[in-house]
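Each remark here refers to the structure printed beneath this line.
The values are calculated or read from the model by the stated rules, or taken from the named source; none is laboratory data. From a predicted model like this one, the values you see are computed outputs, not experimental measurements. Glycine gets a Cβ as well: all are built from the backbone with ideal geometry, and neighbour counts include every protein chain shown. Just the protein is used for accessible areas: all its heavy atoms, side chains included, with ligands, DNA and RNA removed. Shrake-Rupley method; radii C 1.70, N 1.55, O 1.52, S 1.80 Å.
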Amino acid sequence: MVKKIDRKIVAYKVKPRDEPQEALAPQDEVVHMHETVLRPERLMGTTYKLKTPEHVSEHSLFITINDIVLNEGTVHETRRPFEIFINSKSLEHYQWIVALTRIISAVFRKGGDVTFLVEELRSVFDPKGGYWNKGRYVPSLIAEIGNVIETHLTEIGMLKVPGPDEHQQAFLAKKQAEQPQQGDGFPPGAALCYKCHSKALVQKDGCMTCLNCGDSRCG
């Protein structure tokens, strides 16, 4: 008897001909993030306080990212960002903040891999120059918003931030033992890494290597 396959094959099992066939269980309907997913009455979210130097913004920015839980209570349960809001007492950046949050929220609802937003935002440079915040160079306020989104996507499991491997950790520990450390734990002579914007770029085995994100000029 020929049977029509109208669903994606996710598993299979070979049985002897004389073994009775079990009734197939209906395939679970897995809901993925897309534009037609309706917003629930209540969403869980996290608010991040972003404090910048006064010459960038006199008041702190409060960034709220709300998540939707898809396929709740099943093995396919996932948490995905649904919308973002940015609030501040300062009205200086009001127009572009409203535009940015609407665009990012639309990308979130589109579904798929939204992690590209982090690098897109972090690649924006302020023509007036960036600034240092908590030992990390930030090329612009937009880039710092990208850092906040990176933190959130990492916390909900959508993004894994690469860190130093065991060899880099051993090298860093050796450098820390040889000379005084900076406040961030990296050697004082370290240069700025243009990938993660940390002063953690050092000469290692003939290559400029970042001790924070592991990026190497030698590949």
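Residues of region 150-158 include none that is buried (at least 19 other Cβ atoms within 10 Å of the Cβ), at pLDDT below 80 and either touching a helix residue (DSSP H, G or I) at 6+ places or on another chain (Cβ under 7 Å) or not in a loop (DSSP other than H, G, I, E, B) (or both).
Pull out all pairs, ordered by first then second residue, where Cβ-Cβ is under 9 Å, the residues are six or more apart or on different chains, the first lies in region 201-219 and is farther than 10 Å from A190 by Cβ and surrounded by 11 or more Cβ atoms within 10 Å (Cβ to Cβ), and the second is aliphatic (A, V, I, L, M) and modelled with pLDDT under 75. From residues that are farther than 10 Å from A190 by Cβ and surrounded by 11 or more Cβ atoms within 10 Å (Cβ to Cβ), the pairs are C213/V161.
Residue-level check: of (1) surrounded by 13 or more Cβ atoms within 10 Å (Cβ to Cβ); (2) part of a strand (DSSP E or B); (3) at pLDDT 90 or above, V124 misses just (2). Selection within region 112-132: residues that are among the charged types (D, E, K, R) and without any contact (Cβ under 8 Å) to a residue 12 or more places away in the chain. The member of this set that is nearest to H152 (Cα to Cα) is D113.
Screening H197 against (1) under 12 Å from R136 (Cα atoms); (2) open to solvent by 40 Å² or more (accessible area, probe 1.4 Å); (3) modelled with pLDDT under 75 leaves a single unmet condition, (2). List pairs: first in region 100-111 and assigned to a helix (DSSP H, G or I) and exposed (fewer than 15 other Cβ atoms within 10 Å of the Cβ), second at pLDDT below 95 and not aliphatic (A, V, I, L, M), Cβ under 8 Å, 6+ apart or cross-chain? Matching pairs, first to second residue: K110/H34; K110/E35.
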